[in-house]
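Asks: First, the structure itself, so that you have it in front of you.
Each value in this text was obtained by applying a stated rule to the coordinates, not by laboratory testing. All figures in this text were calculated on a predicted structure; none of them were measured in a lab. Cβ coordinates were reconstructed from backbone atoms using ideal geometry, including for glycine residues, and neighbour counts include every protein chain displayed.
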Amino acid sequence: MPWTIRNALFLLLLLVISACSNNTEVKETTGAESSTTKSSESTKGEQEDIDKLDYHNITMFPEGIDDVLAYPTSPFAGETFKENSEAIKAELDNFPKLTEEASEEETNAYFKRLIALFVEDYPGPEEVTEDWDFTYPDPPTTSDGLQLKPHLNVEIILDASGSMAEEVNGQPKMELAKGAIDNFASQLPDEANVGLRVYGHKGTTAFADKIGSCQSSELFYEIQSYESKTLETALEGFQPAGWTPIAQAIKDAKKDLQAFDGEENTNLIFLVSDGKGTCDKDPVQAAEELMDSNIQPIVNVIGFDVDEEGEQQLKSIAEATGGIYALVQHEEALQKQFERAREIADQWKAWHSEARHYLHDEFGRQKEDVSKMRATWKENFNRESDTIVSALDYLEESTIIDGDSRGALWEMNLDRVLLLGDIGRIEAGQIYDRANKAFDQNFDEVEAKKENNSIR
C-alpha cells in the first residue's frame with residue numbers, strides 16, 4: 001500500500017476515535033449537568049435567602065427573649081455543618097479575610113455575619129402557649145338551661161290540712177309523707193341545707209276555725225344541714241288538722257329563702273298537697289311573686305292522691321313558677337320526686353370531678369410543652385454553636401482567617417451560646433410559672449364554685 005494511502009487511513013482512524021471520544025464526553029457532561037441541575041435548583045432558594053441577609057443589626061449577645069426572636073431564622077437552621085457542608089463551604093469561601101490586625105468593629109461584623117448564616121429557630125412564648133386553654137366545663141344546668149349553683153337549699157312545704165289524715169293503701173297520707181321526708185333528708189349530702197314548712201296544722205276543718213287555720217304556716221325545721229334527731233322532733237310536732245292555706249305557705253317560704261340569693265344558691269322547693277287551697281288568698285299569685293324574687297327557686301309541685309279540681313290548681317302553681325308538677329299515689333312515688341334534689345347534688349359532684357380532671361390534664365399538657373421548649377432551645381443553641389465552630393475551623397484551614405482571629409471568634413461564640421442557654425432556661429421557667437399560676441387560679445375557682453357558692 002502506498003505511503004500516502006496508509007497515512008490517509010491512519011488520519012481517518014484518528015478522526016473516528018476523536019469523534020467517539022468527543023461524543024462520550026458530551027454524554028458524560030450532559031449527565032453531570034443533569035445530576036447537578038436538581039442540586040442547583042434546591043440551593044437556589046437557599047442562596048437567595050443568603051443574599052438577602054442583613055447581619056449588621058443582629059444582636060451578637062442577646063439580653064432577653066426579644067433579642068433572640070428579633071432576627072429571622074437562617075437558611076441553614078436545623079442542619080449541621082456536616083449535613084450541608086458543600087453549600088456552607090461555598091458561602092464561607094465568599095467571606096473576606098480576617099487577621100489579627102482587624103479592628104474590633106471588623107471582628108464584630110465578621111461574627112454577626114456568621115450568626116446570620118447559622119442562627120436557629122428558637123420557639124417564643126406565643127408559639128408554646130398558643131393552644132393553651134384552662135376553660136373548664138360549665139357547671140350543671142337544669143333541663144330548661146338554668147345553671148345550678150353549688151350550694152343547695154331544699155325547702156319542703158307540707159300540707160297538714162285535715163284531709164292528710166285520710167289513708168292510702170291502709171296508711172295515713174301524713175305518715176307516708178313524713179316517712180318520705182325523713183328518708184329523703186337523711187340522704188342529702190352534708191353540704192346541702194334542708195328546711196320543713198308545714199301549713200294547715202292548726203284548727204279544724206270547721207268553718208268557725210277557718211280564719212285561724214288559714215294563717216297557720218310554720219317553719220318546723222329551719223333551713224340548715226340535716227340533723228336526724230332535730231328533724232325527727234320536728235316531724236313529731238304536728239298532725240293533720242285544718243284548712244289548706246297554700247298561698248300563705250308560699251309567701252312564708254319566700255321569706256325563709258330570702259337570705260339565699262339565687263345568684264349564688266340552688267334553691268329547691270317541694271310543695272306537697274293533697275288538694276287545692278281552701279283559703280281566700282290566691283296560691284297562683286303567691287307563686288308568681290315568689291318567682292319575681294331574688295331566690296330564683298326551682299319549684300316541684302307534688303299532688304299527693306289529689307282530686308281533679310285540686311290537680312288543676314297545683315298544675316297552675318307549677319306553671320306560674322316554671323316548675324314541674326307530679327301526681328303521686330303512694331310513698332314510693334313521693335320519694336322518687338324528692339330524689340330530684342339528690343340528682344342535683346350528684347350533678348354537682350360529677351361536674352366537680354370533671355372540672356378538676358380537665359384542669360389537671362391541661363396543666364400536665366402545658367408542663368410537657370414547656371419541657372419540649374427547653375429541649376428545643378438546648379438542641380438549637382448547641383447546633384448553632386457547633387456549626388459556627390465548624391465554620392471557624394474551615395475558615396482557618398482555608399487561610400481565610402488566621403489563628404488569632406479564630407480564637408477571638410470562638411470566644412465570642414462561647415459567650416453567645418451561654419447567654420442563649422440562660423435566656424431559654426429563664427423564659428421556660430417564666431412560662432411554667434404563668435401556667436402554674438393559671439392552674440392554681442382556675443382550680444381554686446372550681447373549688448369556690450362548689451364550696452363557697454361563687455359563680456362563673
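Asks: Roughly how many nanometres apart are two label points built 7 Å out from the Cα toward the Cβ at Asp261 and Lys89?
Replies: For the pair Asp261/Lys89, the computed spacing is 7.8 nm.
Asks: Given H placed 1.01 Å from N in the peptide plane, which residues other than close sequence neighbours of Tyr221 have an amide H under 5 Å from its amide H?
Replies: Leu196
Asks: Moving on to the next point. Only four residue types carry charge here, +1 at the Cβ of Lys and Arg and -1 at the Cβ of Asp and Glu. Report the dipole size of the stretch 151-351 about the Cα centre in Debye, rounded to the nearest 20.
Replies: Result for the stretch 151-351 is approximately 200 debye, rounded to the nearest 20.
Asks: Among Gln347, Leu271, Val328, whose Cα sits farthest toward the positive end of the charge dipole of the stretch 262-371 (+1 at Cβ of Lys/Arg, -1 at Cβ of Asp/Glu, about the Cα centre)?
Replies: Going by the charge dipole, the pick is Gln347.
Asks: Are any of the pairs Lys173/Lys281; Lys251/Lys336; Lys82/Lys378; Lys229/Lys276; Lys255/Lys336; Lys254/Lys349 more than 22 Å apart by Cα-Cα distance, and if so, which?
Replies: Lys173/Lys281; Lys251/Lys336; Lys229/Lys276; Lys255/Lys336; Lys254/Lys349
Asks: OK, next. Using only the alpha carbons, work out the radius of gyration and Dmax of the stretch 274-381 in angstrom.
Replies: 25.7, 86
Asks: Calculated FRET efficiency, Glu191 and Glu104, Cβ-Cβ r, R0 56 Å, to nearest 0.05?
Replies: Between Glu191 and Glu104 the formula returns 0.20.
Asks: With just the Cα atoms of the stretch 151-351, tell me how far they stretch along each of the three principal axes, in Å, largest first.
Replies: Cα spread of the stretch 151-351 along its principal axes, largest to smallest: 51, 36, 28 Å.
Asks: Between His360 and Glu167, what FRET efficiency comes out of the Förster formula 1/(1 + (r/R0)^6) with R0 = 60 Å and r the beta carbon distance, rounded to 0.05? It would help to have the intermediate numbers written out before the result.
Replies: Values: r = 55 Å, r/R0 = 0.92.
In this case the efficiency is close to 0.65.
Asks: Set the Förster distance to 60 Å, then compute FRET efficiency between Arg342 and Lys372 from the Cβ-Cβ distance, nearest 0.05.
Replies: 0.85
Asks: Turning to a different aspect of this structure: Using Cα centres only, tell me the gap between the stretch 312-330 and the stretch 169-229 in whole Å.
Replies: Between the Cα centre of the stretch 312-330 and that of the stretch 169-229, the gap is 18 Å.
Asks: Another one. With the cut-off at 21 Å, report for the stretch 123-252 the share of all Cα pairs above it, as a whole percent.
Replies: Here the long-distance tail beyond 21 Å is 55 percent of all Cα pairs in the stretch 123-252.
Asks: Hey, another quick one. Hey, how many Å between the Cα centroid of the stretch 62-78 and the Cα centroid of the stretch 337-408?
Replies: Going from one Cα centre to the other spans 17 Å.
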